[in-house]
Amino acid sequence: MTEVIHIEKKNVKFLQKVVELSGEEVTMCEQCGICTTSCPMAEEMDVSPAGIMRAVQIGDESVVESKAIWFCASCFTCTVRCPRGIDLAKVTEALRQLTLRKNVDHIDLDEVKKESLPAIALVSALRKFTG
Amino acid sequence: MRIGVYVCHCGGNISDIVDVDEVAQFASHLPDVVVVRSISHMCSESGQKAIVDDVGEYRLDRVVVAACSPQFQGTTFEKTLLKAGLKPNMVEMANIREQSAWPHYEMPEKATEKAKVLTAMAVEKIRRAKPVERESMKIGKNVLVIGGGIAGIQASLDLANAGFNVFLVEKSPTIGGHMAQLSRTFPTEDCASCILTPKMADVAEHPNIHLLTYSEILEVSGSVGNFKVRIKMKPRYVDESRCTACRECEKVCPVSVPDEFNLGMTKRKAIYLPSSIATPHSHVIDADACLGIVPLRCGLCEQVCEANAINYDDMPKYINLDIDTIIVATGFDIFNAKLKPQYGYGKFQNVITALELERMIVEAAEGHIIRPIGKDIAFIQCVGSRDKQVGNLYCSRICCMYATKLASLLKRADPSRDIYIFYTDLRAYGKGFEEYYRNAQNLGIKFIRGRPGELMENPENKKVIVRVEDTLTRKIIEKEFDLVVLSVGLVPSKGTIEIAEMLKLPRSSDGFLKEAHPKFRPVDTPIEGIFVAGTAQGPKDIPDTVAQASAAAARAITLMNKGEFEMSPIKAIIDEEKCDGCGECIKHCPVDAIKMNGKAKINIPICKGCGACISSCPRDAIDLKIFSNDEIMAEIEAALKDKKAGEKRILIFADNICTYTLADGVGTAKMRYSSDAFIIRVPSSSRVTPKMMLKAFEMGADGIFLGECEEAVSPYPKTLKVIEENVKKVKDALSKAGIEPDRVQYSPFVTVMFPKFVNIANKMAEIANKYGNIPEEKRKKLNIVEVVE
Ligand SMILES: Cc1cc2nc3c(=O)[nH]c(=O)nc-3n(C[C@H](O)[C@H](O)[C@H](O)COP(=O)(O)OP(=O)(O)OC[C@H]3O[C@@H](n4cnc5c(N)ncnc54)[C@H](O)[C@@H]3O)c2cc1C
Ligand code: SF4
Ligand code: SF4
Ligand code: SF4
Ligand code: SF4
């Protein structure tokens, strides 16, 4: 089954929103895929980094629901290699912000036992899963 | 002084909107006007005849044609004047069609008023104009071609066959350039050396070509028709005319060094034949590698040379040439793949460049296996091209096709090979290229859309692991390859950069040589008499290189063929009485046309007539022969003279190449803009001095705008900077006098920026409306504020 995406105003709005939040010209992506094979987490992702860029370009909002954007380790390897000079890490951060700004807590601090998580993971979890 | 004014109807184009009779009536009261006619088609034979007759009957010495754009019919009327026995610059056109009837078609009254002012401006301008003699310059038939790749070879042959004298200077010991290194050539797959060697032989034998290999250009001075060139011929230590290339010497020579022709993959001796197709076909001693020539340390080669060709006493020769035109064909270098360390070139033994593969294929065909090629082969595209990370934004244009070619050759040689080309966009733009691409797919070569981020080496078998996202299936593909070939891009050669610096040729943002106009003068450089051909100008394949080389030869011939050429009459002149030799102007001239000899002296053939120097002179000693200070001031004055209180006048200075053409385009498209905007044509807005602008404000201008070509299309490099400085000075002076500084602005244009032009004309008018007219007391202050240097 081939999915059909109907491009509507909201698709364009979504792209504009991500461009605004990230400050990156997502339309500049030439879909070379260099970011994907540079990414240490790509194999864990349900959408590849280049796939994320494409989804944003066509305004496919479902990418916000992807797991991939939370797997991004913000290692910036993609950013230093992108031949179009796009800072992808900023784009995934913008996509995470779209969820975070909905103000839903995905982690309840009280329920986390202090010793159960390494400190760095705790900080990272708070940043990513708490709005 | 006796002026005739001719108002054209343009068969209704003008007269349907503008009241031409009113304009004619108005013109009859202008000073020195003795005849006024309103005529249906001025450009027709009868229109032109009217001028010729009137010049005879009324002894006219100047003519104004109020009609269309001077860019449209200017030369027509210049010729008419010649016929009438006047100097061609004694006619001025008032552009009442493109600048009035058309853009203001909705407001006929305003259009008529503006047409009157435009006509008055033209009359005042021509009153100040002095007849200018067109100067011709003698030019000979000697051409210097720099670089002996296929571009230089083709240009030399064309010129030599047309009877011109060619000096072909090549820095390496043989001509041929990169093409000599290639296996076969896409899309036809002819063998590169088979089609190149006959041409190389023609060059060597042609009576009109003086081939100077192993030579470098030391110095070039002078200008078109009169270049002085100094060349150094390095000693070869082998007499070309005697050497039979028997190769006996190589057998005894004890020194082995990397062979540059095979990119260091093989070795050569200190005495060597540069390649099997070297032209001249002679050995040469690499003095750096040789054990010692002065004093002689080894001397073995001399002992075996039966032809007595070896001459250890050879010395560098210095040659001075008088040259009329120059063709630069200094070519490209391949991108240094080590600058992309993630691909492991130089580190992984099975990662090579495409040029290395070319050499491997040629050598293998001659029975010499440099290294095994293997079965599983990958090509990685766009290495060093289209990559912001290495600073090369451009596409190298040939690598898609050469990869397709190399893959096809390897696949055909051994169909069991599994060959992949990893690309981002496949560019098969040329004649026969798409068919060639199809053919490769048909052979079973796999084109995968995706570029790998990095390559890895399998430590056990040294094979290269490619992981790449197939961006079409969104899956990551991983495969081990025997050989990975990097499709490296093209960069300007070191020699190109050196020659650009020596000849002061501008380069475009990609680093390659810049042409005078990207569309209409693609093989001219901005310096008259210097042309460019081949990959020195930008990445291209052999067919395009050859086409460009023939074009450059034709352009050089066009200039030299008549034995003299007519120079543009727009040139700077120095008033020797005023000039005190301070040298300020030298810094402003974008093409180094000013020399100091106690006083400033203009090198007429080099001067482009931009006028950028004028504003730099603290003593007002510089002027242009056409578009002189007096003429421009007269136009400004006429544009502002009858301005009524409350009326606004914006002066738009438009450079003749971009902004003026653009304004014509806007008019032709009937795009409307404020009728308060008056356009004044100048060769370059850099000739509009701060003093002129302040004077204009003093006389009642409400806003001034300067338009100039964008750097990339400008025939004058660096004038935008002069304009920026001049505008800043005016802004400062306005501020001091309490006048809003944004009444003066400038911007670069190209000829297609229609909406931008309209917006700017309207914006300038809006600013003037917002602020109102500049009060008289403030205007008077402009008289005394100093122009800050
Ligand atoms: C791997 C590879 C494969 C290719 N395959 C094909 C193909 O199949 N088909 C095709 O059409 N094209 C192909 N090309 C492109 C082709 O090589 C070029 O189009 C062509 O060689 C350009 O010729 P040129 O004369 O402009 O430059 P070059 O060949 O670079 O020649 C420039 C010459 O100028 C000399 N020189 C440089 N500076 C100076 C100086 N300051 N003074 C004196 N001499 C100087 C150099 O020594 C050189 O001899 C390929 C290119 C590469 C890299
Ligand atoms: S590396 Fe850059 S250009 Fe290439 S696919 Fe990723 S984001 Fe797009
Ligand atoms: S230099 Fe002498 S020995 Fe060497 S190739 Fe030439 S002719 Fe032969
Ligand atoms: S020609 Fe092909 S491989 Fe070369 S830079 Fe352009 S797109 Fe990349
Ligand atoms: S600045 Fe322009 S006008 Fe002046 S000398 Fe140089 S080229 Fe000629």
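Read-outs throughout are calculated quantities, based only on the coordinates presented, and are distinct from any laboratory measurement. Computed from a predicted model, the values in this text were never measured in an experiment. Heads up, the Cβs are rebuilt from the backbone with ideal geometry, glycines too, and the neighbour counts pull from every protein chain shown.
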Separation of the B:Glu564 and B:Gln441 label points, Cα + 7 Å toward Cβ, nm:
6.1 nm
Using 0.36 nm times the number of residues separating B:Asp53 and B:Ile604, minus their current alpha carbon distance, what extension gain do you get?
194.8 nm
For labels at B:Asp620 and B:Asn759 in the simple 7 Å Cα→Cβ model, what's the distance in nm?
3.8 nm
Can you give me the relative contact order of the stretch B:482-575 as a percent, contacts being Cα pairs under 8 Å and 6 or more apart?
18 percent
Cβ-based exposure ranking for A:His6, B:His9, in which fewest neighbours within 10 Å come first
A:His6, B:His9
Going by C-beta contacts inside 10 Å, put B:Asp324, B:Asp288 in order with the fewest on the left.
B:Asp288, B:Asp324
Taking Cα centroids, how far is the stretch B:523-542 from the stretch B:204-231 in Å?
17 Å
Averaging sequence separations of C-alpha pairs under 8 Å and six or more residues apart, then dividing by the length of chain B, give the relative contact order as a whole percent.
11 percent
Can you pull out the trypsin sites (Lys or Arg not before Pro) in the stretch B:362-408 that DSSP calls coil and that have at most 15 other Cβ atoms within 10 Å?
B:Lys375
So how far apart, in nm, are the two label points at B:Ala289 and B:Ser221 if each is 7 Å from Cα heading toward Cβ?
3.8 nm
Identify the trypsin sites (Lys or Arg not before Pro) of the stretch A:1-110 meeting these criteria: DSSP loop state and at most 13 other C-beta atoms within 10 Å of the C-beta.
A:Lys67, A:Arg101, A:Lys102
Rounded to whole Hz, the Karplus (6.51, -1.76, 1.60) HN-Hα couplings of the stretch B:625-634, x for glycine and proline:
6, 10, 6, 5, 3, 4, 4, 5, 4, 4
Once phi is turned into ³J(HN,Hα) by the Karplus curve 6.51 cos²θ - 1.76 cosθ + 1.60 with θ = phi - 60°, what whole-Hz value does each residue of the stretch B:28-39 show in order, with x for glycine and proline?
5, 8, 6, x, 6, 7, 10, 9, 10, 9, 10, 10
Among B:Tyr423, B:Met567, B:Asn320, the residue whose Cα sits farthest towards the positive end of the charge dipole of chain B, when +1 is placed on the Cβ of each Lys and Arg and -1 on the Cβ of each Asp and Glu, is B:Tyr423
By how many nm would the segment from B:Asp418 to B:Glu260 grow when fully extended, if each residue of separation counts as 0.36 nm and the alpha-carbon distance is taken off?
53.8 nm
Treating only the Cβ atoms of Lys and Arg (+1) and Asp and Glu (-1) as charged, compute the dipole magnitude of the protein assembly as shown about its Cα centre; round to the nearest 20 debye.
620 debye
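Using Cα-Cα distances under 8 Å and only pairs 6 or more residues apart, what relative contact order does the stretch B:663-781 have, in percent?
On the way: 117 pairs, mean separation 45.5, N = 119.
Here the relative contact order equals 38 percent.
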Name the residues whose placed amide hydrogens come within less than 5 Å of the amide hydrogen of B:Met699, ignoring near sequence neighbours (fewer than 5 apart) on the same chain.
none
Compute the distance from the alpha-carbon center of the stretch B:120-143 to that of the stretch B:455-508, in whole Å.
53 Å
Counting only residues 5 or more places away or on other chains, whose amide H sits under 5 Å from the amide H of B:His210 once H atoms are built in the peptide plane?
B:Val166, B:Phe167, B:Leu168
Which value at 222 nm does chain B reach when only helices count, each DSSP H run of 4 or more adding -39,500 (n - 2.57), with the total divided by all residues and rounded to the nearest 500 deg cm²/dmol?
-9500 deg cm²/dmol
Using R₀ = 41 Å, calculate the FRET efficiency as 1/(1 + (r/R₀)^6) where r is the Cβ-Cβ separation of B:Gln349 and B:Asp322; round to 0.05.
0.20
B:Ala245's amide H: which non-local residues (gap 5+, or another chain) put their own amide H closer than 5 Å, with H modeled 1.01 Å from N in plane and none for Pro or chain starts?
B:His283
Express in nm, to one decimal, how much length is gained between B:Leu472 and B:Tyr105 on full extension, taking 0.36 nm for each residue of separation and deducting their alpha carbon distance.
126.7 nm
With θ taken as phi - 60° and the coefficients 6.51, -1.76 and 1.60, list the Karplus ³J(HN,Hα) couplings across the stretch B:463-478 in order, rounded to whole Hz; mark glycine and proline as x.
6, 9, 9, 10, 10, 8, 7, 6, 5, 8, 9, 6, 10, 8, 9, 9
